[in-house]
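Every read-out reported here was derived from the displayed coordinates using simple, explicitly stated rules and does not represent laboratory data. Quick caveat: nothing in here was measured; it's all calculated off a predicted structure. Cβ atoms come from the backbone with ideal geometry, glycine included; neighbour counts cover every protein chain shown.
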Amino acid sequence: MTKETPVQPQPLATDLPVPDGHGIYTFPDDLHRAHQTHNQHLAARHRTHDHRVLEVTAPHTRVPYFIEARTPAGRPVLVIEPHHDDFALSASGTFLAHPRPLTVATVFTRSRSVHPALETTYPAVDAVSELRDREGAAALAPFAARRHRLGHKDAEPPYRPYDPQMLDQITDELRRIAAAHPGAELLAPAAVTRHPDHLLVHEAAVRLGCTWFWEDLAFWATYALAGCDQQLFRTRTGATMRPELVDITDVVLDKVTVLRMHGSQMHPARKMYRPIRHAFTTAADLVDGTGRYAERFYRTEAPTC
């Protein structure tokens, strides 16, 4: 991927604590404290009317956070995500580090999946879907992203294979959105999870000519560190898919802010840190001295941007 040269957010100040990999694995509170200090630093800038700093509010908790706005530049990207959180979990660090014009199409926007402790607060599909829609909007605010919500209901356990007719319908809907964004590079999940929604969206994206895929982290705990699931990942991505790393070290604390938006109803908050731990694992495994955190992507052909 050719690196663009937009006006970038300032790198993390050297006096701000950035947790190391060992701390992230052993003491999640280290990341929490580092993020608090980072947020306080940005809040102080916001109070001086620094218009580069946005205030964003976690939809469920109503806690305010601060993040530096991005200035998109370069070739537009059309993101095709299964659920409202998949881009935020898996690829948001890349676009915090290298902002590009974004349009995000979310396929499955109706759900009753909410943290068990809040099932009485959000008792039905409409209530959960409205919360998750607000979480998705808050998570995408720093990117100035346009949103398309297709309105389909997500799958529920026990999971079964997706309906081929549903695949045809969703492919047609996404094709119309893609046609309205000529020249945009498509980005979609690599679909190495067992979730039928991810598998369906991946196949629809392939039909549309997508050749750039993120490593899905929605089911990080079930596949990223298990040997058998790593084999599944390698099998599904195949020998023709080339790995691509993007260093997100300088924006890792801003990614935590994005995670707090999309998962405002998660409890305890440390559950939102799993993608950061995975980012460190990726960097530690595949990067030699060029960064502590990274996001991993796959391509089926050379990039054209």
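Quick notes on this structure:
- Taking amide hydrogens as placed 1.01 Å from N in the peptide plane, the amide H of Ser264 sits under 5 Å from those of His60, each at least 5 positions away in sequence or on another chain.
- Vicinal HN-Hα couplings computed from phi for region 96-105 (Karplus, 6.51 cos²θ - 1.76 cosθ + 1.60; Hz; Gly/Pro x): 6, 7, 9, x, 10, x, 10, 10, 10, 9
- Protection-proxy order for peptides 158-168, 67-77, 88-98, each taking the mean of Cβ atoms within 10 Å per residue, highest first: 88-98, 67-77, 158-168
- For region 180-191, 3J(HN,Hα) per residue [Karplus equation, 6.51 cos²θ - 1.76 cosθ + 1.60, θ = phi - 60°, Hz, x = Gly/Pro]: 7, 10, x, x, 6, 7, 8, 9, 8, x, 6, 6
- Derived scalar couplings between HN and Hα for region 149-158 equal 10, 7, x, 7, 8, 6, 6, 10, x, x Hz in order, rounded to whole Hz, by the Karplus curve 6.51 cos²θ - 1.76 cosθ + 1.60 (θ = phi - 60°), x for Gly and Pro.
- Residues with amide H under 5 Å from that of Thr211, placed H, sequence gap 5 or more: Leu186
- Net +/- balance of residues flanking Arg52 in space, Cβ distance below 15 Å, scoring K and R +1, D and E -1: -1
- Summarising the amide proton neighbourhood of Val192: residues at separation of 5 or more, or on other chains, whose placed amide H is nearer than 5 Å comprise Asp216.
- Net charge of Cβ neighbours under 14 Å - reference Arg147; Lys, Arg +1; Asp, Glu -1: -1
- Compactness index (Cα Rg / 2.2 N^0.38 Å), region 21-299: 0.97
- Kirkwood Rh, Cα atoms: Rg over Rh of region 71-184: 1.00
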